[in-house]
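First up is the structure itself, then whatever we jot down about it.
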Amino acid sequence: MQKAPWTVGLAIFFVAGSLFTLFVWIPIDIETGVIETFRRRVTIGDAMAPTVMAAAILVVSIVMGILAVIRPEPSTSKVKEGLDKQSFVFLARLIVAVSVSLALMVYLGPLVVDMVNAFGGEIGSYRQLRATYPYKLIGYVVGGFTLIYGIISIVENRFSANGALVSIIAVIVITILYDVPFDNLLLPPNGSG
Amino acid sequence: MSALLNTTTKLAVAGIAAAAFMTTTSVQAEWKPKGPISVVIGFAAGGGTDTQARLIAAELKKRKGWNMIPSNLSGRGGVVMARKLKSMPNDGLSIGMAVTEVFGYNMLASKKSGYKTSDFTYIATTTSSQMGIVANTSKGWKTFKDVIAAAKKGKVFKFAGMSAKHADINFLIEQKYGVKFNTVILRGGRKVMNAIIAGDVDLGWGAGIQAKAVLSGKMVNLASGLKERIRISPDAPTLMEMGIPYDIGAKFIFVAPAGIPADARKALADAIGEVINDPTTKASQFVTKRYGGPDVITGNKLDAYIKNEIKTAKVLMKLLK
Amino acid sequence: MGMLDHIWLGIVTVFTVDPVFSVAGYPVSMTIIMVFLGLIFGIIVGAAPGIGGPVAMAISLPILISIFGFTPSALLPVLGFLVGIMKGSTVGGAVPAILFNTPGTPDSLMTTLDGYPLTKKGQPGKALRVAHFASVSGDTFSDIVLITGAPFLAIIVERFLDFPEKAALIILSLAFVSAVVGSNVWKGLLAALLGLFMAYVGTGEDGHPRLSMGYDNMANGFPLISAVLGVLILGEVFKSLEDMWREMRETSTITKVEVKGDNKLNLSDIRRILPYIGISASIGTIVGALPGIGNTLAATLGYATGRKIHKGSPAFGEGAIEGIAATEAANSAVAGANLIPVLSLGIPGNISAVFILLATESIGGFVPGPQVFRLIPDQINQEMVYAFGLFTAMIFANALNWTIGGIFMRWMGIMIRIPKQRLLPIVLLLTLTAIYVQQTSMFAVYVAIAFGFLGYLMRKLNLSVLAFVIAFILANNLEEFMRQAFAVTGADPWFLFASPVSISLIVFSIVVVVFFARNQKDLS
């Protein structure tokens, strides 16, 4: 008999989550009730849909959990369920690579502009330059390169010059693809202004 | 890091401003944007507001060489956009487009709208909604009075609106005439039109999208929600004539965060007005086809208009209490 | 205006509007060019390792929209390109399966069973030609069913469905998808419910965005495109990256294979495979028309049925061309039929349909649903013209696929040389960029990454991402219909049980769930 610890864990997680949602989150973070009466008009309030869903999740996860204990599925699937230690190692590395790249993408451009200004460049704020070469591309190109090269290096478990070359070419091609033909498209992080 | 960014940015801006001041004191030069202008549209792509905003932006780019970058931020009839716009920098490089209701009724009716009248600089209106009550011609009604007569016999009609304001007006009508509607709020004019055509509802509110169907005789404007009668349907009475003392019309409006430079406000307003009033532009042709023509209000007149909008919204709310 | 006028207008629009250049005096329209480019692009990505039609559609959508704009005139060129990708990638997907025994997508897994043995015998050319012939036949058959079926289904639906019935229909679709997608009905339901719940965070009617915890960025909920691309594409990218990383650690190399050989498709071969194509195409079309059960099941059923009726040698699994034909006809026939629920009901049944819906949502002017096929006396229903324009584009794509698709497909063996571990990080950056330029906010990018990790976890825990995504997309429609039904019935709490149609839809939803729960099966 095959145990299904992940399914049971999932069930417990969702039971706890839906109870929290039903009794804490929904009451404090939704203004209107399940049914609202306002100037003679009776309508469904904002709380209806989330309440019904949370209740349904509660029921379904209880059933799923009980079935997983009393009637475990035969392990027909070749892929094993759940995460192991390896998965966590990989995830940790992936998250580091993604966070560093995004931070570069968002902050590098403004930082460079500030530095130029600090050294007497007087080129204006990053916001004014977010459609001006080369400032508008600094963050995207460096951040994008870091993302691609970082992940290639994680998967291949080494830093290769060849991988770096591929990453540089890829970032340049993507930049040209979006930036050159369309001047109403702004690459990250420039459109948020 | 953001603190560092802020101070250096401020220094830079001050430097630029000083430089600009020195070079422009001799000639009163026209305001020019120092970077790209973000145009945040408060409604989804493809609708009436979106189409106007994009056409105007494209024309401004062509005429003035301003780099206009439109994007959509829809939700709650423009309120989501207003919240976001409020906190954007007030250098004239961020403007938004919505309808005047967002800064009047919608703001007051919501428990927590998250913004107030003084959070914005009002730049220019473009055109007015042709707000009317619409039904399929096959229903046999000529004006809204026929609907009231039928409703008085105890028939309960399904009546679609686009905002809480429509529900409130319907409530006033119900009280005034002692009738009952099943009012339903749909998101956007197109959904109201579809619901009317499919027979899911009996009648609904339209802001101008119904023009084509009315002109072809498929639908009929039963009443006008404006001060005056709807241009294409002179036979339909206004609600005011029918004893509902409220102008439900709205205008499409460009706004910016509060406190943008006066010359930027003027330059933007002039440029937008110029485009929309020029009958050769696509933007002007669009508003003429759908809303009966441009209606540009700017400057102090616009501030007064917004104030009045709030006053009438308050009157309406009092009436309902 | 009758149906025929609209069909004619649709065809005219595709071929004549916006001519770019002319060939021998005939103008070539923009839509035609986009279908062609989409098809070629689709074949390339179909043959490339690890990326398929959905990724290609996700990446190209923002570029297409910035080229063609947000006006309805953009609809046909953009949809034409997407349809081209859809069709090209099904054909291209067979290439790595046949040549290298590595299915590019799960639905070509069965193609490897007979395709690779043929390659080993030195007949990869024959295998590719059979796959192409079967695939395009199945696709064409399915399109014919779509084009003839969808308008009539829509008209029936429009006549019988009011707000309450529309809500009930969404419930039935979600119940069906949840029940059939995975091996466990309860997990399917959990995934769908989670998708619905997530879609309700930050949305709602009241001024205070519900469950947003006062966070302004959440004032309109999770951006749809971030959630969908995050779970569908980033989740898959993360999971595949991990698989490769593991493989790399164990063997210090990632599997690679070599190309060799060539061959022909004779008339006698076609006669041999035609019956299999016919049966599989029908299976694929039926499966495709039901929401949620996609290509993989169709391919499995097609192959299994083919094996049952096949006699003689070579047997299935030893390089029988009938095996390739049975699989490819079935999985390709899913594509067209899949658009039936989305065009006639507005309910997307699979990933390609999701992208068609995302495109129409971004552009505006065309909202898939029953009103598309409504006839308005003395007036042109522009949406119906677009629908028939879309059908015309599909037929044209098939014609291209018949003629040049096969030639192009056989050049694609080279694609397998691209190392997947280098391609996927690029896909990741492309997808994030695509999301950013559409939403112009870093928040949308962060949400996409968060949903990417959610998609990764769901794949690890066998929770269906398809059920989640379809539920997420339909959630707001469902709530709106419920609110409207409640309002127009004058606050009748039993509105879902007020008409025979909605009662039967609800009862059927329960029956579907109970049936599949009692008969635990392994469809995947």
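A short reminder: the numbers here are calculations on the coordinates, not readings from a lab. A quick note: this is a predicted structure, and the numbers were derived from the prediction, not measured. Cβ placement follows ideal geometry from the backbone for every residue including glycine, while neighbour counts extend to all protein chains displayed.
The figures follow:
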{"quantity": "Between 0 and 90°, nearest 10: helix B:262-277 axis offset from chain B longest Cα axis", "calculated": "50 degrees"}
{"quantity": "Check: chain C dipole with +1 on Lys, Arg Cβ and -1 on Asp, Glu Cβ, in debye", "calculated": "1800 debye"}
{"quantity": "Between 0 and 90°, nearest 10: helix C:267-289 axis offset from chain C longest Cα axis", "calculated": "20 degrees"}
{"quantity": "Between region C:121-143 and region B:257-321, the Cα center-to-center distance that results, in Å", "calculated": "61 Å"}
{"quantity": "Summed side-chain charge close to C:Val55 - residues other than C:Val55 whose Cβ falls under 13 Å, Lys, Arg +1, Asp, Glu -1", "calculated": "0"}
{"quantity": "Sequence of B:Lys165, B:Lys116, C:Lys239 once ranked by neighbouring C-beta atoms within 10 Å, starting from the fewest", "calculated": "B:Lys116, C:Lys239, B:Lys165"}
{"quantity": "0 to 90° range, to nearest 10: angle between helix C:420-439 axis and chain C longest Cα axis", "calculated": "30 degrees"}
{"quantity": "Candidates B:Gly292, B:Gly243, B:Gly273: whichever shows maximal mean-square fluctuation once chain B is modelled as a Gaussian network with Cα springs under 10 Å", "calculated": "B:Gly243"}
{"quantity": "Hydrodynamic radius (Kirkwood) for region B:132-224, which is based on Cα pairs only, to one decimal in Å", "calculated": "12.9 Å"}
{"quantity": "Using distinct alpha-carbon pairs, which all enter the 1/r mean, Kirkwood radius of region C:262-337 in Å", "calculated": "12.3 Å"}
{"quantity": "Computed P(r) (all Cα pairs; region A:85-192; 5 Å bins; percent)", "calculated": "2, 12, 19, 19, 17, 13, 9, 5, 2, 1, 0"}
{"quantity": "Cβ neighbours within 10 Å from other chains - mean over C:87-98", "calculated": "0"}
{"quantity": "Per-residue Cβ neighbour rank within 10 angstrom, fewest leading, A:Phe88, C:Phe197", "calculated": "A:Phe88, C:Phe197"}
{"quantity": "Region B:223-269 - convex hull of the alpha-carbon atoms, volume per residue in Å³", "calculated": "105 Å³"}
{"quantity": "q = 0.09, 0.14 Å⁻¹: log10 I(q)/I(0) that the Debye formula gives for region A:1-152, counting C-alpha atoms only", "calculated": "-0.67, -0.88"}
{"quantity": "Sum of side-chain charges, C:Gly369 neighbourhood, beta-carbon under 13 Å (Lys, Arg +1; Asp, Glu -1)", "calculated": "-1"}
{"quantity": "Alpha-carbon radius of gyration plus Dmax, which is the widest Cα pair, for chain B in Å", "calculated": "21.5, 75"}
{"quantity": "Over chain B, relative contact order from alpha-carbon pairs under 8 Å, at least 6 apart, %", "calculated": "24 percent"}
{"quantity": "Computed helical MRE - 222 nm, chain C, DSSP H runs ≥ 4 contributing -39500 (n - 2.57), nearest 500", "calculated": "-23000 deg cm²/dmol"}
{"quantity": "Built amide H within the under 5 Å cut-off of B:Val99, gap 5+", "calculated": "B:Ile253"}
{"quantity": "P(r) histogram, all alpha-carbon pairs of region C:58-192 included - 5 Å bins from 0, percent", "calculated": "2, 9, 10, 10, 11, 17, 19, 11, 6, 3, 1, 0"}
{"quantity": "Within-13-Å neighbourhood charge of C:Leu79 [Cβ basis; K, R +1; D, E -1]", "calculated": "-1"}
{"quantity": "Percentage of interatomic Cα-Cα distances in chain C larger than 40 Å", "calculated": "21 percent"}
{"quantity": "Under 5 Å, built H, 5+ apart or other chain: amide partners of B:Ala124", "calculated": "B:Phe254"}
{"quantity": "DSSP loop GluC sites (Glu not before Pro) with at most 16 other Cβ within 10 Å excluded, longest remaining stretch of chain C", "calculated": "C:1-257"}
{"quantity": "Ratio Rg/Rh, restricted to the protein assembly as shown and using Cα atoms, in which Rh is the Kirkwood radius", "calculated": "0.97"}
{"quantity": "Region B:132-224 - share of DSSP beta bridges that are antiparallel (%, nearest 5)", "calculated": "55 percent"}
{"quantity": "Beta bridge orientation in the protein assembly as shown: antiparallel %, DSSP, nearest 5", "calculated": "65 percent"}
{"quantity": "Alpha-carbon centroids, region C:317-370 and region A:103-167: separation in whole Å", "calculated": "40 Å"}
{"quantity": "For chain B, built as a Gaussian network whose Cα springs stay under 10 Å, the top-fluctuating residue of B:Lys152, B:Lys282, B:Lys86", "calculated": "B:Lys152"}
{"quantity": "For C:Asn381, residues with placed amide H under 5 Å, excluding near neighbours", "calculated": "C:Ile376"}
{"quantity": "Listed residues B:Asp202, B:Asp146, B:Asp247, most fluctuating in chain B (Gaussian network, C-alpha, under 10 Å)", "calculated": "B:Asp146"}
